[in-house]
Structures are given as structure tokens and as C-alpha cells.
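Values in this text are rule-based calculations from the coordinates and carry no lab data. What you see is a predicted model, and the numbers here were worked out from it, not measured in a lab. Cβ coordinates were reconstructed from backbone atoms using ideal geometry, including for glycine residues, and neighbour counts include every protein chain displayed.
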Amino acid sequence: MATDKEQQKWKGKACEELVGPKAEQVWPFLADFTGLNKWFPTLTTCLAVEGISGQPGCVRYCAGFKTPVDKDDDQETVNWTKQKLLSIDPVEKTFSYSIVDGNVGFNSYISTVKVLPKEDGCNIEWRYEVEPVEGWTPENLDSFIGLGLRVMAERMKQALQVPV
């Protein structure tokens, strides 16, 4: 039987279809655990602060991103999180990570990102679960992840020089 905490967790999924690029082409972009700032919108910093990049146990520091709950007049605060790589499987083209620290209120956050091959390209799937976040709604989080993934997919297509 699920505990009260588990029942209260928000769970969601974003998916982006890439027509053209193959899973084998997209996977290296995502497998570069400390390269997220190349793809995620408004993220200015992503660097390893512990462990070996791409290996389970690696912790990345991500900063500079905007969230749906940021106030326009709050220019001084820099959003940041530390994220720990929990697992990575290049054969299945999937990895999972958790947020272990940060100033955006995420507790018990775990995400799994997977690249799924398709005949005409691939899909990127980003699943998450997190305890409710003060000041956010599940819709805020769905929007944040969905928009982030959409921009990431567009940037990856551009990097592969595949027409959008």
C-alpha cells in the first residue's frame, strides 16, 4: 500500500517527437550529463561538482534557468539545483537523476529521460515525480518541463542540421 507521501507526489511526462534525427544521433546530447546548458532554455551553467560526468553518482550544478513562478521584478535571485545521476543505460538510451539540493523548492524529485527510436526519427520522453512544490502547481511543472523539452528538441535538430 502506498504511503501518504507517495500518494501526494506529482507525476508527469513530457514527450517530443523528432522527425529525421535518429535515436543514436540524439542520445549523445542527452548522455552528456553536464552539457544540459547547451540545450535547456535559459540555463546558463551546468558543471560537474562531484564524481565523473556521465557516471552514476555524478552531481551537476545547474543555474540560471527561469521558472514559471519567477517574478519579473526578482532579477537578483539565481535559480539553481544540484542534480545527481542515478543511472544511465546507453543501450536503452535512458538515464535517471534526482535533485539533491537547490533553491527552487523541489524535494524528492526524480526524473527519467529516454530516447525512443521510431521509423522516421525518435521521441524524447521526460518523466518526473516530485513532492508538491510550494508556490507551484502541477501545471506549472508540466509547462516548465514541456517547454524545456520542446526547446531542447529544436536545438538538437538544429545541431544535427535537420530541417525543423
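You can think of it this way: the chain between VAL100 and GLU134 has 10.6 nm of extra reach, that is 0.36 nm per residue less the Cα-Cα gap. Among GLU139, GLU125, sorting on how many other beta-carbon atoms sit within 10 Å of each Cβ, with the fewest leading, yields GLU139, GLU125.
Consider the candidate values (1) 40, 38, 31; (2) 45, 41, 33; (3) 53, 36, 24; state which one is Cα extents along the principal axes in Å computed from the structure displayed. It is the value labelled (2).
Using only helices, what value at 222 nm comes out for the chain when you add -39,500 (n - 2.57) per DSSP H run of length 4 or more and divide by the total residues, to the nearest 500 deg cm²/dmol? Each step should come with its number before you reach the end.
Working: 3 runs with 36 residues, N = 164.
Calculated at 222 nm, the ellipticity per residue is -7000 deg cm²/dmol.
Once the Cα atoms are used to define both axes, helix 138-159 deviates from the longest principal axis of the chain by about 30 degrees. Of the residues LEU43, LEU147, LEU30, the one with the fewest other Cβ atoms within 10 Å heads the list, and the complete ranking is LEU147, LEU43, LEU30.
The modelled label-to-label distance for the pair ARG150/THR112, using points 7 Å beyond Cα in the direction of Cβ, is 2.6 nm. Extension gain for the segment GLU92 to THR67, taken as residue separation times 0.36 nm less the Cα-Cα distance, is 6.0 nm to one decimal.
By other beta-carbon atoms within 10 Å, ranking SER87, SER111 with the fewest at the front produces SER87, SER111.
Total lysine pairs in region 10-159 at Cα distances under 14 Å, for residues eight or more apart or on different chains: 8.
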